[in-house]
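> The following block contains the structure, expressed as structure tokens.
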Amino acid sequence: MLQPRSIQSSLGIRDKILSLDFILVISIFVLGLVSMFAMYSTDGGEFKYHTNSHILRFFVFFGMFFVVSFISIRFWHETSYLIYIGVFILLLGVKYFGLTSSGSKRWLDLYFMNLQPSELMKIGLILFLAKYYHRISIEGVNSFRYLLLPITVLIAPVILVATQPDLGTSILIAAGGVIVAWLAGVRAKFFTISGIAMLALLPIAISFLKPYQKTRILTFLNPERDPLGAGYQIIQSKIAIGSGGLFGKGFLNGSQSYLDYLPEKHTDFIFTLFSEEFGFFGSLFILLLYALIISRIIKIGNVTRSNFGKLYCYSFATAFFLYVVVNMMMVLGLLPIVGSPLPIMSYGGSSMMAIMLGLGIVMSCKIYKDVPVN
Amino acid sequence: MLSPGSGNTVIKSKLISRRMFLISAAKAVVMVGLVGRLISLQINQATKYKSLSDKNRFREWKLAPERGAIKDFFDTKIASSEPLYQLHLIPENAKDLDNLFVRLKAILNITDRKVSYLKRVIKKQKPWEPVIVSENLDWSDFSRINLFLHELEGVEPIVSVARTYPDNSSAHILGYVSQISTKDLQTKEYLKDLAVPGMAIGKTGLERKLDEQIIGKVGYQRYEVNAYGKRIREIKIDQGQAGKSFKTTLDYEVQKYTNELLKDKAAAVCVMDVYNGDIVSLVSSPTFEPNEFVHGLDKAYWNSLIKDDKKPLANKALSGLYPPGSTIKTLVALSALENKIIRPLDTFRCKGKIELYGEKFHCWEKDGHGIVNLRKGIQRSCDVYFYEVARKLGVDRLAETAKRFGLGKKVLSDFIEERSGVVPNTKWKKKFIGQNWYLGETLHSGIGQGYFQSTPLQLCLMTAQIANGGFKIKPRIIFDAKNDNLRKYLKHKNENPNEPLPTDLLVSNFDLKPLFKNQEHINLIKDAMFSSSNEPGGTSYRHRFENPKYTFAGKTGSSQIKRFTEAQREAEVKQESLPYNDRDHALFVAFAPYKNPQYAISVLVEHGGSGGKAAAPIAKKVIKKVLERHELRRSVNNQIGESV
């Protein structure tokens, strides 16, 4: 505990800034800018509530990103369990004091913002498991003893979130945990067995699904089933993206979105709006930007020394990838509408906060790449 | 438990990297898949989705075209499309609906019932969809609304176009327009692309007959709409095309005059040019207010129309079927002459009745007419004379002549309300009644009773074809400049009897069809009709014109409703003393002027009693009016004739 402190203290603020991954920082900033334009378009080409608050949030959390980056990775390693426990308590708080909106209880009223702890749990679980597996020897990973705790910390929040109900986020939280476990060396066999077990339990799970969740899955399987009802979102999103063509309809000219055919355009369907206005090339640009961000995170994982850092970066990169891909597949009609925001692009403070926190810790891994965590 | 040996850590780190490499490979594949999906949607299927997006975006509203006008012979509009002032309300724009209605009630004459109805409509509709507060505001209300407009937020005065008729004098022949019904859409092919909500189409009369051409071409407004159907902005507007206007042969002045004459009576009048078949006037009474039908009919008014015994909605001139009564005697006599059954001077003795197989056949003159020849038979309308003639002639020969003169078939085409009537003969009875013909029925047919059924228009055509010397004419109501050749032909023949016909008469589409074998027979009938109207003892002698300019030759008639009982005959019961519904229908046909016939007229007065008393006075007045306007009409005809 004493040894590393000297190394940490040897890094001045100038060193810290210079050791930032600038490509990653710039990519995040560019994505932030793009998201502001998209948000401006959803407001019909005016600075209205969504645009203003999105811009504010972006800069606030972008600032937070730097603060988090400059804090030693050792601190994050030490507080991992605490963060998880803190977020878990918040989730429990949601269960009892949460705000209900459109039939699901996801938010905590913090007076200055409505916090959605399930978004933070995406990072919290990765942190927890990264720390956990960092400590366990490679032989121990697959022993039943060391599987018990990971399963518990994974299942508990997933159940809490799934019953809010928020199927999309709970699946993504679970996916993040599974990735850490797998990267840490848990055998594929284990995942296969639990996969089969889950399939077996599927009918029971379905009986627990809310009617609207069942509808969503049925609608995904056949969007034309009810074109004005549940299939509406998928159909309209595909129309918007398809009608964008190669070059798009032009900034502020996305008729599907400004005539309100596009649902949830600020949040889950922000990519659709962008894709309609900027076409195939615009979509490709966004996709490349995300690919760049993900590859930079992986690169940081490669250079960071500690297994905690590696586990965290790789897992976060993969989880981030999943957030992007699930959202895009959803709006492209390749997955059911499960309600998952597109990182940084979508409107929503908690998601922005969680992503920036996650990226900040990644950046901390970069700055303190040579710092041993224990 | 903790084994943070550096060797172990390195192995672990390698395992992590290996597994990460696998994940990265999977990510790359998924990314390529996403790009592939984008290519499929945005490049391969872009056209399909662009059109779907446009289908979302644009919505078209059809615009009802302006209906073409219907004009009379002198180009006066008798049905036109006039500006109409309406009051619309857009609930979304109104701040306080209740308050607004209170204000509106103060300014306009709106009932509480209407207000609660409007409120119900508003609740059902989207807030930006207008409701019609008033369909048809008069100018003073409209200008008052405009004056207070600044304090009536949400209210929009709209100027629209609607069918308007100057009055109700020609309501039957013009017909009326009203909202398209589902049945119209199913049955009328031409409405397929025309159907615009709220558009009125012709339901009866000329409005219906001409509907397809007069209706015009539908325009449209294309709007960009949002997902909730609200119009965002207008993209394109096509006003459509106004319908074709039509000129008719009717004389609006005569229509008005006649309509006034027939007021309160259940009656019909037809006036026709005897050479070209132009229908100068066609009036049915009582009439109805056609303007009431344009904007959804008031229920009370509708009920009053259908409950009225005098049947204001029926066009009696076209669809009223009446036994022709004694007016048929002209044709009975003609048929007998043509078939050489009688000679003009052959006589019969009328003792007031004859007997046939024990059945008594009465003459209307109880004491009889004494010795009667053809001329006197028609002049006095002696029933016994015509019983005798009919008996000799037989019903089949009579029917053949009657049909030739236009009875038993429709006179005009494309009027759904027109009926063809009945000219009975032996075959007809066998076919439709399934019985053999009785000789007694021939006698009844000889005086136009029994199975005979005819419309006033048919009787007018019959008279016109006698008046013009026995030539077939094709009656028409839509003006046609290029068909006045019968008049020219007769003029040419009169002036130069021995010269050949000029070529324009030979090559034109004019088809000269004499309806007689010997024109002398026609002249005999005309002369007998003259005596009926102008010589003492004639049935309409009392209503004659002394002035030769107006002198007409006519024939009275009455259609029996109930045959008199022997007791009633003995008591000499008068028609006037019978209950209204039991009285005979009065008929009168005539042509004028006698010397140089121009127009034929038929008059029907339902339950009017005798033709001489009820129908002839009306005919006299109408004839005078028509003849007074004859020069004017000729001059227009000539002008047009020259320009063609």
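Read the figures in this text as sums done on the coordinates, not as results from a lab. Keep in mind that what you see is a predicted model, and the values were worked out from it rather than measured. Please note: Cβ atoms are built from the backbone with ideal geometry, for glycine as well, and neighbour counts cover all protein chains shown.
> In Å, what is the Rg of the alpha-carbon atoms in the stretch B:112-211, and how long is Dmax?
Both quantities, over Cα of the stretch B:112-211: 17.4, 47 Å.
> Where the centre of each part is set by its Cα atoms, how far does the stretch A:305-352 sit from the stretch B:427-444, in angstrom?
Comparing the Cα centres of the stretch A:305-352 and the stretch B:427-444, I get a distance of 97 Å.
> Over the stretch B:84-160, how many pairs of lysines fall under 19 Å by alpha carbon, counting only those 8 or more apart in sequence or from different chains?
Count of close lysine pairs: 9.
> Quick one: divide the alpha-carbon radius of gyration of the stretch B:406-498 by 2.2 N^0.38 Å and tell me what you get.
Details: Rg = 17.6 Å, N = 93, 2.2 N^0.38 = 12.3 Å.
Working it through for the stretch B:406-498, the quotient is 1.43.
> How far apart, in nm, are the 7 Å Cα→Cβ label points at A:Ile89 and B:Ala25?
Output for this residue pair reads 4.5 nm.
> Size of the stretch B:353-466 along its principal axes in angstrom, Cα-based, largest extent first?
48, 34, 21
> How much FRET efficiency would the formula 1/(1 + (r/R0)^6) give for B:Lys430 and B:Asp346, where r is the Cβ-Cβ distance and R0 is 45 Å, rounded to 0.05?
Numbers: r = 31 Å, r/R0 = 0.70.
For R0 = 45 Å, the calculated efficiency reads 0.90.
> Relative to a virtual label point 7 Å from the Cα of B:Thr47 in the Cα→beta-carbon direction, which members of the stretch A:249-281 show backbone nitrogen distances below 19 Å?
Counting backbone N atoms under 19 Å from the label point, the list is A:249, A:280.
> Summing -39500 (n - 2.57) over the DSSP H runs of n ≥ 4 in the protein assembly as shown and dividing by its residue number, what mean residue ellipticity at 222 nm do you reach, to the nearest 500 deg cm²/dmol?
Details: 41 runs with 517 residues, N = 1018.
Estimated from H runs of four or more residues: -16000 deg cm²/dmol.
> Place +1 on the Cβ of every Lys and Arg and -1 on the Cβ of every Asp and Glu in chain B, take the dipole about the Cα centre, and give the residue among B:Gly421, B:Met529, B:Ser13 whose Cα lies farthest towards its positive end.
Value computed over the given set: B:Ser13.
> For the pair B:Ser635 and B:Ser160, how long in nm is the line joining their label points, each one 7 Å along Cα→Cβ?
4.3 nm
> Within chain A, which DSSP H helices have Cα atoms that stretch 20 Å or more along the helix axis and a mean Kyte-Doolittle hydropathy of at least 0.0? Intermediate values should be presented prior to the final figure.
Values: long enough: A:22-42 (30 Å, 2.22); A:49-70 (32 Å, 1.09); A:73-97 (34 Å, 1.11); A:117-135 (27 Å, 0.33); A:144-162 (26 Å, 2.20); A:167-183 (24 Å, 2.06); A:188-208 (29 Å, 1.84); A:270-303 (39 Å, 1.55); A:307-331 (36 Å, 1.23); A:349-367 (26 Å, 1.56).
Span-like helices, by this rule, are A:22-42, A:49-70, A:73-97, A:117-135, A:144-162, A:167-183, A:188-208, A:270-303, A:307-331, A:349-367.
> Shape call for the stretch B:84-160 from the C-alpha gyration tensor, a ≥ b ≥ c root eigenvalues: rounded (a/c under 1.5), prolate (a/b greater than b/c) or oblate?
Details: a/c = 1.41, a/b = 1.39, b/c = 1.02.
Because its axes are fairly even, with a/c under 1.5, the stretch B:84-160 counts as rounded.
> Now for a separate question. Run the dipole for the protein assembly as shown about the Cα centre, Lys and Arg Cβ at +1, Asp and Glu Cβ at -1, nothing else charged, and hand back the magnitude in debye, nearest 20. List each step's numbers first, then the result.
On the way: 129 positive and 89 negative charges, 504 e Å.
Using only the charged Cβ atoms, the result is roughly 2420 debye.
> Looking at the P(r) of the stretch A:119-209, how many percent of alpha-carbon pairs lie beyond 22 Å? Before the final figure, lay out the partial values.
Details: 1137 of 4095 pairs.
Looking at the stretch A:119-209, the distances longer than 22 Å represent 28 percent of pairs.
> Kindly identify the stretch A:3-367 as rounded, prolate or oblate by the Cα gyration tensor criterion: order the square roots of the eigenvalues as a ≥ b ≥ c, call it rounded if a/c is under 1.5, otherwise compare a/b with b/c, prolate if a/b is larger, else oblate. It would help to have the intermediate numbers written out before the result.
Numbers: a/c = 1.76, a/b = 1.22, b/c = 1.45.
Oblate, because a/c is 1.5 or more while a/b does not exceed b/c.
> First check a/c for the stretch A:1-144, with a ≥ b ≥ c the square roots of the eigenvalues of its C-alpha gyration tensor; if it is under 1.5, answer rounded, and if not, answer prolate when a/b is larger than b/c or oblate otherwise.
oblate
> Specify the angular offset, from 0 to 90 degrees and rounded to the nearest 10, of the alpha carbon long axis of helix B:383-393 from the longest principal axis of the alpha carbons in chain B.
Approximately 80 degrees, to the nearest ten.
> If you don't mind, another one. Hey, what did chain B get for relative contact order, percent, Cα under 8 Å, at least 6 apart?
On the way: 1224 pairs, mean separation 81.5, N = 644.
Relative contact order here is 13 percent.
> So, one more: Under 4.7 Å Cβ to Cβ, no partner at all: give me those cysteines from the protein assembly as shown, in residue order.
Cysteines of the protein assembly as shown left without a disulfide-compatible partner: A:Cys313, A:Cys365, B:Cys350, B:Cys363, B:Cys382.
> Let me check against my output: what whole-number percent is the relative contact order of chain A, with C-alpha pairs under 8 Å and at least 6 apart? List each step's numbers first, then the result.
Working: 538 pairs, mean separation 101.7, N = 374.
This gives 27 percent for chain A.
> State the Cα centre-to-centre distance between the stretch B:518-547 and the stretch B:23-102 in whole Å.
So the separation of the two Cα centres works out to 71 Å.
> Where the convex hull is taken over the Cα atoms of the stretch B:499-644, what is its projected area averaged over directions, in nm²?
Numbers: hull surface 51.2 nm².
Seen from a random direction, the Cα hull of the stretch B:499-644 projects 12.8 nm² on average.
> Between B:Arg120 and B:His492, with labels modelled 7 Å along Cα→Cβ, what's the label distance in nm to one decimal, could you check?
7.0 nm
> To continue, here is another question. D for the stretch A:70-152, whole µm²/s, Stokes-Einstein with Kirkwood Rh over alpha-carbon pairs at 20 °C and 1.002 mPa s: what number? The partial results should precede the final answer.
Values: Rh = 14.4 Å.
Estimated diffusion coefficient is 148 µm²/s.
> Sticking with this structure for a sec: Give me the compactness ratio for the stretch B:252-643, meaning the Cα radius of gyration over 2.2 N^0.38 Å.
Working: Rg = 20.9 Å, N = 392, 2.2 N^0.38 = 21.3 Å.
Normalised by 2.2 N^0.38 Å, the Cα Rg of the stretch B:252-643 equals 0.98.
> Okay, moving on. Place +1 on the Cβ of every Lys and Arg and -1 on the Cβ of every Asp and Glu in the stretch B:94-195, take the dipole about the Cα centre, and give the residue among B:Ile110, B:Pro130, B:Gln186 whose Cα lies farthest towards its positive end.
B:Gln186
> Sketch the reach of a paramagnetic label on B:Trp139 as a point 7 Å from Cα along Cα-to-Cβ, and name the residues of the stretch B:49-93 whose backbone nitrogen lies under 17 Å away.
B:81-86
> Further, regarding this structure: Would you give the gap between the C-alpha center of the stretch B:348-416 and the C-alpha center of the stretch B:149-228, rounded to a whole Å?
50 Å
> Moving on to the next point. Output the 0 to 90 degree angle, nearest 10, between the alpha-carbon long axis of helix B:395-404 and the longest principal axis computed from the alpha carbons of chain B.
The answer is roughly 60 degrees.
> Next question. Tilt of helix B:329-338 relative to the longest C-alpha principal axis of chain B, in degrees (0 to 90, nearest 10)?
Tilt relative to chain B: about 70 degrees.
> Grab the beta carbon distance between B:Lys77 and B:Leu147, set R0 = 30 Å, and tell me the FRET efficiency rounded to 0.05. Mind dumping the intermediate values first?
Details: r = 31 Å, r/R0 = 1.03.
It comes out at approximately 0.45.
> Suppose we take every Cα in the protein assembly as shown and form the convex hull; what volume per residue is that in Å³? If you can, show how the numbers build up before the last one.
Values: hull volume 259.5 nm³, N = 1018.
For the protein assembly as shown, the hull spanned by Cα atoms encloses 255 Å³ per residue.
> Related question: Work out the length of the dipole vector of the stretch A:3-367 about its Cα centre, built from +1 on the beta-carbon of each Lys and Arg and -1 on the beta-carbon of each Asp and Glu, and round it to the nearest 20 debye.
1100 debye
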